[in-house]
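Visitor: Here it is, the structure, as structure tokens.
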Amino acid sequence: MNEELFEKYMRDELSGAETAELARLLEEESTGKERFVAFAQQWHLFGDVAHQLQAASVAPAPETARRVRRFPAPAPSVWRRGLSWRLPALAAVVLIGLGVLITLQWDRLALPGGDLYGIATLVSASGSVGVQRAGAHRPAIEGQALARGDVVRTGSEDAATVIRYADGSVLELAQQSAVVLENGGDARSKSVTLQTGSLLADVAPQQAGLPMTLGTPHARIVVRGTSFRVWVDSATTRIWMFEGVVDVVNRTDGSGVPIAAGQVAAVGRRTDVTGRPPDDASGEPAGRARNGLIALYTFIERDGAIVRDVSGTGSPLNLRIEDVRAVDRLAHGGLRLREPTVVASDAPAEKIFRACRQRNELTVEAWIKPAVRSQTGPARIVSMSESRQARNFTLGQDNFIGRTVEDPGEPGLFSMRLRTTETDLNGMPTLQSRLGPAKLRLTHLVFTRDARGEATIYVDGKPLRRGAFPGVFADWDDGYRLMLGRELDGAWPWLGEYYLVAVYSRALSPEEISANLRAGIPKHHAKRVRPTARQTSLLHAPHSPAPLAVSSLRFSFSEF
Amino acid sequence: MSVAPDKKHDAMVLKIFEYRDALLAYAFTILRDWQLAEDALQETVLVVLNRDAEAEPVRDLFAWVRRVLRNKCMETIRSRTRETTNEQERLQALVTEACDAYLDEDSAAGLKKMKQALRHCMGKLRSGSLDLLVGFYYRMQSCKHLAEQQGRSVNAVKLALSRTRDRLRVCVQRQLPLLDAET
């Protein structure tokens, strides 16, 4: 309420009554002044910094330039007195500084073709990344300016190599890739060629009539602003679209075809377009249940901030890692949350909302490896929520409640909160698996809830806890995002490794859960993390769920 | 802080430049106009440069600069032709009082660091998010206006703004200790 008043003040839109109300607040409430000043300072900082950054990345339009100075020029006498000796001195200092800088940083600044600051920046590079310029190959330097004609090559062990343009467009090169920043064409447009390997492109909207062109040996991709991944091998170029549309021209027959979000094009002698990514691109293990699948994450990306939804259902609900420094991309795939961060969709998870609310059923599945047994909150493994107090569902890791206030309880269990018309907005009471199964090893964790309200937590195919979430999903909120790792407000982080996360709009049967367990983790992860002997035995055992008593829900005392 | 007469112009101008962001935020809060706030600060610089070199040394330089800026803001408000009600004048006085109470040298230094962190964090935003911030905070456009401009719903714009602020808040919280460590 106060913020509305503050905002109206900043916009000079206060009514008479609101003016009096704000005056009363500033006069009478002890914290009113402080909050008001903090609000105004934040407004100023946001506006000032955002405007400066925008102005730095876009050439100022004449109108903008005119707006910058309305203040009349000061009287010459004043400025002569104040600045007459300072200006030459300042100019000398700047010239000397530039001389030193150019001497020391020539590699970063001196570029052929008159591109003093280059057309893009190599913002991240490690290992054996190199830049070839005018025939000479040199190790790359982070922060290095790149010019037209430069070739950037990555090695077999290199982590994310990121090239950023001034408009925010980003190219992330995978290992063993080579990209050329092309000469020619309109100087204002971007043109690159991926000679070999793979890259992830996140391209900002381009000026009308000046699309970015990404060439490969087999295709020319015309990009106006979107996000996609490209692979090049000797026979084909594959393009997997995450957002928007690109036009793909086949170099062999000259045919052109638009590729939209969720589609994959394979360009060789001809162009084939499919509705979902090929298995080796999606990482989805064969034999998994697909009926009702809404979102699937296999963590196949080896770099960058994006985790792709490879379900092929509707528009991809990709997730973004908030702080890439807090995570490790594991060598054979998988994502390790080493420090607290959140991996969340940019937009509300509408497709999950729509499908689950319609059926009043849900399955949340995760192949994970917890880093710590004692994680509490519950620590958020998979969540569709707004804050620590409002959610549609959260699958988490928690402790048993101790017998006394001082007793922290026993660490290591899994828990589920689910909003229905019979639970609160926080999805409580919580269903918990009582047997303390959270171990520091690869774990197959599944929660199901069917339309009758019956809910089960499965660990490694075994139904460890059965309960009930009565009611329906009519109270679900369509504005909540899907997230891994913690809440958006920073609460209750979970640390560990993700190998697969799936959300279904129906309750999988025990047989289907066994099938998913049998299918295992994405095959490239399996090189690094092998199922345990117990999981292996479960894989081959006939399914025989142990009879469970249906218990009443157990109330968790975790308040948030 | 007392300043010797022969160095005081330089010290004052440097002080203004050092705490330019905080002083500008101060003027902006009172005037609510980017250009008028800039102008008021420019005029404050002129007052400093015009000050008689033989005048008494200033005891609290920052407070003195802030007072000059405040007077310049008041002059600007008075020069507006629009009539103001008693209630508006009362509010103006209270706003100025609040700004005075919470702008000292320490808070100005804090604001400067905050801006440094925010600049780093905003630099990582996508251009669409940056455009939204510029539209809302710099151009003072309403959510409704931005929604029409971008072909989105008002709620979607509010949500996007809220998320961007969340991201920035978290990023700035992470960035500030790093800046502290650097200094």
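Visitor: Restrict the check to the range A:226-240 and report whether at least one residue is at positive phi, without any contact (Cβ under 8 Å) to a residue 24 or more places away in the chain and surrounded by fewer than 18 Cβ atoms within 10 Å (Cβ to Cβ).
Guide: Within the range A:226-240, not a single residue is at positive phi, without any contact (Cβ under 8 Å) to a residue 24 or more places away in the chain and surrounded by fewer than 18 Cβ atoms within 10 Å (Cβ to Cβ).
Visitor: When you look at residue B:125, is it outside any helix (DSSP H, G or I) and at the interface with chain A (Cβ under 10 Å from one of its Cβ atoms), yes or no?
Guide: So residue B:125 passes the test.
Visitor: Is it the case that residue A:257 is of a type in the set (A, V, I, L, M, F, W, C), without any contact (Cβ under 8 Å) to a residue 24 or more places away in the chain and not in a loop (DSSP other than H, G, I, E, B)?
Guide: Taking the combined requirement at face value, the residue satisfies it.
Visitor: Taking the range B:138-155 as the region of interest, how many residues are at the interface with chain A (Cβ under 7 Å from one of its Cβ atoms) and out of contact with any His (no Cβ under 8 Å at 6 or more places or on another chain)?
Guide: Of the residues in the range B:138-155, 1 are at the interface with chain A (Cβ under 7 Å from one of its Cβ atoms) and out of contact with any His (no Cβ under 8 Å at 6 or more places or on another chain).
Visitor: Please pick out the residue among A:507, A:502 that is under 21 Å from residue A:328 (Cα atoms), at pLDDT 90 or above and surrounded by 19 or more Cβ atoms within 10 Å (Cβ to Cβ).
Guide: Criteria check complete, one pass: A:502.
Visitor: Let me ask something else about it. Has the range A:216-237 got any residue that is modelled with pLDDT under 85, under 17 Å from residue A:193 (Cβ atoms) and of a type in the set (D, E, K, R)?
Guide: yes
Visitor: Filter the range A:392-415 down to the residues that are modelled with pLDDT of 90 or more and touching a Lys or Arg at 6+ places or on another chain (Cβ under 6 Å), then identify the one that is nearest to residue A:441 (Cα to Cα).
Guide: Selected residue: A:396.
Visitor: A follow-up question, please. Report, by residue number, each residue of the range A:38-52 that is facing chain B (nearest Cβ under 7 Å) and either surrounded by fewer than 20 Cβ atoms within 10 Å (Cβ to Cβ) or in contact with a Ser or Thr (Cβ under 6 Å, 6 or more places away or on another chain) (or both).
Guide: Answer for the range A:38-52, where residues must be facing chain B (nearest Cβ under 7 Å) and either surrounded by fewer than 20 Cβ atoms within 10 Å (Cβ to Cβ) or in contact with a Ser or Thr (Cβ under 6 Å, 6 or more places away or on another chain) (or both): A:40, A:51.
Visitor: Ok, one more. Specify the residue that is nearest to the other protein chains (Cβ to nearest Cβ); the eligible residues are those in the range B:82-119 that are among the hydroxyl-bearing types (Ser, Thr, Tyr) and outside any helix (DSSP H, G or I).
Guide: The extreme case among them is B:102.
Visitor: Out of (1) more than 18 Å from residue A:41 (Cα to Cα); (2) surrounded by fewer than 15 Cβ atoms within 10 Å (Cβ to Cβ); (3) modelled with pLDDT of 80 or more, what's the single condition that is false for residue B:88?
Guide: (2)
Visitor: Please specify each residue of the range A:178-215 satisfying the condition of being of a type outside the set (A, V, I, L, M) and either under 27 Å from residue A:319 (Cβ atoms) or within 23 Å of the chain's Cα centre (by Cα) (or both).
Guide: A:190, A:197, A:198, A:202, A:205, A:206
Visitor: Quick one: how many residues across the range A:14-37 are outside any helix (DSSP H, G or I) and at the interface with chain B (Cβ under 9 Å from one of its Cβ atoms)?
Guide: The number of residues fulfilling the criteria is 1.
Visitor: Under the condition of being under 25 Å from the mean Cα position of the chain (by Cα) and among the polar types (S, T, N, Q), which residue from the range B:134-163 is nearest to residue A:54 (Cα to Cα)?
Guide: If we take residues in the range B:134-163 being under 25 Å from the mean Cα position of the chain (by Cα) and among the polar types (S, T, N, Q), then B:141 is nearest to residue A:54 (Cα to Cα).
Visitor: Same structure, new question: Quick one: residue B:176 ticks every box in (1) facing chain A (nearest Cβ under 10 Å); (2) touching a residue at least 24 places away in the same chain (Cβ under 8 Å) except a single one, so which number is it?
Guide: Only one criterion is unmet by residue B:176, namely (1).
Visitor: Counting only residues that are assigned to a loop (DSSP other than H, G, I, E, B) and within 14 Å of chain B (Cβ to nearest Cβ), which one in the range A:191-210 is nearest to residue A:151 (Cα to Cα)?
Guide: It comes out as A:203.
Visitor: For the range B:45-67, indicate whether the set of residues that are facing chain A (nearest Cβ under 8 Å), without any contact (Cβ under 8 Å) to a residue 12 or more places away in the chain and either within 30 Å of residue A:204 (Cα to Cα) or not in a helix (DSSP H, G or I) (or both) is non-empty.
Guide: No, because not a single residue in the range B:45-67 is facing chain A (nearest Cβ under 8 Å), without any contact (Cβ under 8 Å) to a residue 12 or more places away in the chain and either within 30 Å of residue A:204 (Cα to Cα) or not in a helix (DSSP H, G or I) (or both).
Visitor: Sticking with this one: Can you name the residue in the range A:347-380 that is under 20 Å from residue A:420 (Cα atoms) and within 19 Å of the chain's Cα centre (by Cα) and is also surrounded by the most Cβ atoms within 10 Å (Cβ to Cβ) among such residues?
Guide: Here the answer is A:352.
Visitor: Looking only at residues that are farther than 24 Å from residue B:29 by Cα and either among the β-branched types (Val, Ile, Thr) or touching a Phe, Trp or Tyr at 6+ places or on another chain (Cβ under 6 Å) (or both) in the range B:135-158, which one is surrounded by the most Cβ atoms within 10 Å (Cβ to Cβ)?
Guide: B:157
The values are calculated or read from the model by the stated rules, or taken from the named source; none is laboratory data. These numbers were taken from a predicted model, which means no experiment stands behind them. Backbone-built Cβ (ideal geometry, glycine too); neighbour counts: all protein chains shown.
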